[in-house]
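Student: Below you'll find the structure I mean.
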Protein chains: 2
Amino acid sequence: MAARRKVRLIDVARDAGVSPATVSRALAQPELLAAHTLDKVHESARKLAYRPNGMARALASGRSMTVGAIVPTLDSAIFAQVLQVMQSALAKDGYQLLVASHELNPAAETEAVRTLLARGVDGLMLVGAERAFETAQVLATAEAPVVLTWCASPGIASVTVDNHRAGQLAAQHLLDLGHRRIGMIVGHLHFNDRQRARLAGARAALKAAALDMPDWLVSEQPLTFAGGRTGCAELLELDERPTALIGGIDVFAIGCIQEAQARGIAVPEMLSVVGIDDIDMSAHMSPSLTTVHIPTTQIGQEAARSLVARIEGEGEISQIELPVELVVRRSSTHAPVGGAPGRNSQT
Amino acid sequence: MAARRKVRLIDVARDAGVSPATVSRALAQPELLAAHTLDKVHESARKLAYRPNGMARALASGRSMTVGAIVPTLDSAIFAQVLQVMQSALAKDGYQLLVASHELNPAAETEAVRTLLARGVDGLMLVGAERAFETAQVLATAEAPVVLTWCASPGIASVTVDNHRAGQLAAQHLLDLGHRRIGMIVGHLHFNDRQRARLAGARAALKAAALDMPDWLVSEQPLTFAGGRTGCAELLELDERPTALIGGIDVFAIGCIQEAQARGIAVPEMLSVVGIDDIDMSAHMSPSLTTVHIPTTQIGQEAARSLVARIEGEGEISQIELPVELVVRRSSTHAPVGGAPGRNSQT
DNA sequence: TTGTAGGCGTTATCAA
DNA sequence: TTGATAACGCCTACAA
């Protein structure tokens, strides 16, 4: 009940009959102390329920044992998962995760970087490499190590995947199945280099096959399940409707399947759907979703590892690129036979 | 390139020809300074690209402008969304969000509380009211305001929903539709008071109708989509299979629908499915999911508001309970007619 | 092995 | 309106 305010290191020192320095060492470098001294200190600390003050410690030592993470949004399975993995990995090394999101707003991102840096984070993780000039500058002069994820930027450590290739793989798979009219649903392209790269990759694959994906076969949607349905509906109502659709994220693809099924269009028989991400749900859908696997867990682990290593002064600036991989499941199949398979005309 | 190390408040003071105290005031209480002094300081600060040191500031002022949040996991749409909302709300007031997760491990939760408190957070948000005795003690002596979400605990501020009632609503809806054999898929009940309350609520509704939900109609699964499918499969293979299923979370319910459909069991004609949560996807499924709406966004907003108010010394300890509400959509309908409708026997 | 003392960068309390 | 000066709680050479 009547717990006296705060116990400080000096209180423990007094109680144990040693100097503050000794107590400090008991916590940080126990091996330097005599066994019985250590015991005394530990006992006093326990008795007084001493909890070191993190801020004071950070101020004095220059290390906050805190890592900042800036993501586009937490409200996305894939980013949340990365953070989950990072936070677990960091916790093992005694680091705490400070989280900020910017909702695809460059100014908000800049501000977040500033705040986090001012907060004294020992390291910083960011998603994506596209950013305001101002942010880039702040980052460049930051004393704390920084690691980028998902997309790389010259001179900055990163743990990335080749989003361009992910788009390419998705499109190539459909091309291999004989599809010629392929549409894509993507997130808003502004300030989202991941979605841009995936779209560009898909287009590159088509181009290599002497085909193309005109703008009217691309639907920009908010990154939600509903966005996937809307985008799908849009593309299915075209006069020359596509025989296959790529979702810029799995959530879109899953929305597509739902929308198609709701319209009586069988997936994959009448419409092939391919996603990118490979979220948990994709494998368990009916039909299960063909998608490009993004190694989310590994991204989180590597990012955490890379950051901690740099913080402890043990690592170099490294640029790790994790492989993406096509996972063929049941939502994609050969293009329907016939001249104009996907034609919407009833005549 | 050769950015000199760190600019401190005293450097700005020197450059502007004023005392450190004046610079400090220029940032915190500009109204106390003469206009021209303020200008001088601002100019020097801008020129030197001065960034106040958050930790030093926190140490001296006793406020870190940081709020901690402890959730079971980030890898869950519903918690991630709450955090997203909280972080946005807090950012507006200049607070930063420190995140920790414990993966349903009581010890990890205790540790997280300790760490966060030691880190000097100005406030703390927790999910659920069930916790280790040790944690409760630490919390009780914490100087920082605490707010619980999802479940309430005596004497602690909270923003909650009635999980018991949520389960009840789901079950009652099915009872009203004539279902008598109702199964439920829940998360592991250990250290998860939300799932326990929902299950208890459902059982209470059945009991009130002189029915019951025996253990063999309840499947405990990991909180994933796959868990939903597995649990559903389990219950559908019973000799006396249920005519309706409740998902302890929407993700389970969605998994159920998939599993049922994959087995050629029409939803809702042959099997009604009801969820609890009302995540984004539920409204956009086919069939759309009948579920109990949990006001996630509001929980986040209220929690943030409550916490900030208390931190600024303006609010009382309050226990807010937000209403849950049944949302009837297409995944539930009248129980199939006939004596033993859900019988698995082929004879 | 342990103690002393100066500093980490701000804020806050008094005076002036 | 502004300036000294002491906290804030801990770390860490350096000394003993």
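Student: Taking 22 Å as R0, compute the FRET efficiency from the Cβ-Cβ separation of A:E316 and A:N105 and round it to 0.05.
Tutor: Values: r = 33 Å, r/R0 = 1.48.
Rounded to the nearest 0.05, the efficiency is 0.10.
Student: Listing B:T290, B:T110 from the residue with the fewest other Cβ atoms within 10 Å to the one with the most, what is the order?
Tutor: B:T110, B:T290
Student: I would also like to ask the following. Label-to-label distances across copies for A:R114, with labels 7 Å out along Cα→Cβ, in nm, shortest first?
Tutor: Here A:R114 shows inter-copy label distances of 3.8 nm.
Student: Give me a single rounded figure for B:275-285: the average over its residues of other chain Cβ atoms within 10 Å of their Cβ. It would help to have the intermediate numbers written out before the result.
Tutor: Working: counts 0, 0, 0, 0, 1, 5, 9, 1, 2, 12, 6.
If you average over the peptide's residues, the count of other-chain Cβ atoms is 3.
Student: Starting from the amide H of B:Q96, placed 1.01 Å from N in the peptide plane, find each other amide H under 5 Å away whose residue is 5 or more places distant or on another chain.
Tutor: Correct list: B:T66, B:V67.
Student: Continuing with the same structure: What's the FRET efficiency of B:A200 with A:I10 using the Cβ-Cβ distance as r and R₀ = 56 Å, to the nearest 0.05? Present the calculation step by step, with values, prior to reporting the outcome.
Tutor: On the way: r = 50 Å, r/R0 = 0.89.
Rounded to the nearest 0.05, the efficiency is 0.65.
Student: If you average the C-alpha positions of the stretch A:293-314 and of the stretch A:36-54 separately, how far apart do those two centres end up, in angstrom?
Tutor: 34
Student: Helix A:225-236 versus the longest principal axis of chain A: what is the Cα-based angle in degrees, 0 to 90, to the nearest 10?
Tutor: It works out to around 20 degrees.
Student: Averaged across the residues of B:314-325, what count of C-beta atoms belonging to other chains lies within 10 Å of each residue's C-beta?
Tutor: Going residue by residue through B:314-325 and averaging, the value is 0.
Student: Charges at C-beta only: +1 for Lys and Arg, -1 for Asp and Glu. How large is the resulting dipole of chain A about its Cα centre, in Debye rounded to 20?
Tutor: Values: 32 positive and 36 negative charges, 240 e Å.
Approximately 1160 debye in magnitude.
Student: Hey, which lysines would be in cross-link range of B:K92, C-alpha to C-alpha under 18 Å, not counting anything within fewer than 8 residues on its own chain?
Tutor: Partners within reach: none.
Student: List the relative contact order of the stretch A:1-157 as a percent without decimals, with contacts defined as Cα pairs under 8 Å and 6+ residues apart. Mind showing how you got there, number by number?
Tutor: Numbers: 187 pairs, mean separation 28.3, N = 157.
Reported as a whole number, the value is 18 percent.
Student: Let me ask something additional. Going highest first, how would you order B:257-264, B:26-33, B:150-157, A:134-141 by mean Cβ packing within 10 Å? Before the final figure, lay out each step's value.
Tutor: On the way: B:257-264: 19.2, B:26-33: 13.2, B:150-157: 17.5, A:134-141: 15.4.
In descending order of packing, they fall as B:257-264, B:150-157, A:134-141, B:26-33.
Student: Okay, next question. I want to make sure I understand the PRE zone here: with the label point 7 angstrom from the Cα of A:E237 toward its beta carbon, which residues in the stretch A:248-291 have backbone N atoms less than 18 Å away?
Tutor: From the stretch A:248-291, the list is A:255-265.
Student: Any idea which of A:N105, A:G123, A:I78 is furthest toward the positive side of the dipole for the stretch A:73-163, if Lys and Arg beta-carbons carry +1 and Asp and Glu beta-carbons -1?
Tutor: A:G123
Student: With an 8 Å Cα cut-off and a minimum separation of 6 or more residues, compute the relative contact order for chain A in percent.
Tutor: Details: 673 pairs, mean separation 54.4, N = 347.
That works out to 16 percent.
Student: For label points placed 7 Å from Cα toward Cβ, what is the shortest-first list of nm distances from B:L211 to its copies?
Tutor: Copy-to-copy label distances for B:L211: 5.1 nm.
Student: Under a 10 Å cutoff between Cα atoms, tell me which one of A:E130, A:E143, A:E325 has the largest fluctuation in the Gaussian network model of chain A.
Tutor: The residue with the greatest mean-square fluctuation here is A:E143.
Student: Determine the calculated [θ] at 222 nm for chain A from helices alone, applying -39500 (n - 2.57) to every DSSP H run no shorter than 4 residues and normalising by the residue count; nearest 500 deg cm²/dmol.
Tutor: Details: 12 runs with 147 residues, N = 347.
Value at 222 nm, helices only, nearest 500: -13000 deg cm²/dmol.
Student: Continuing with this model, one more query. From the Cα gyration tensor of the protein assembly as shown, with a ≥ b ≥ c the square roots of its eigenvalues, which class applies: rounded if a/c is under 1.5, or else prolate if a/b is larger than b/c, or else oblate?
Tutor: Details: a/c = 2.24, a/b = 1.38, b/c = 1.63.
Here the protein assembly as shown falls in the oblate category.
Student: Cut-off under 23 Å on the C-alpha distance; same-chain residues fewer than 8 positions from A:K6 excluded. Which lysines are left, in chain and number order?
Tutor: A:K40, A:K47
Student: Put a label point 7 Å from Cα along the Cβ direction on B:G178, then list its distances to the equivalent points in the other copies in nm, shortest first.
Tutor: Label point to label point, same position, other copies: 4.7 nm.
Values in this text are rule-based calculations from the coordinates and carry no lab data. Being a predicted model, the structure only gives us computed values, none of them experimental. Here Cβ is always computed from backbone atoms with ideal geometry, including for glycine, and neighbour counts include all displayed protein chains.
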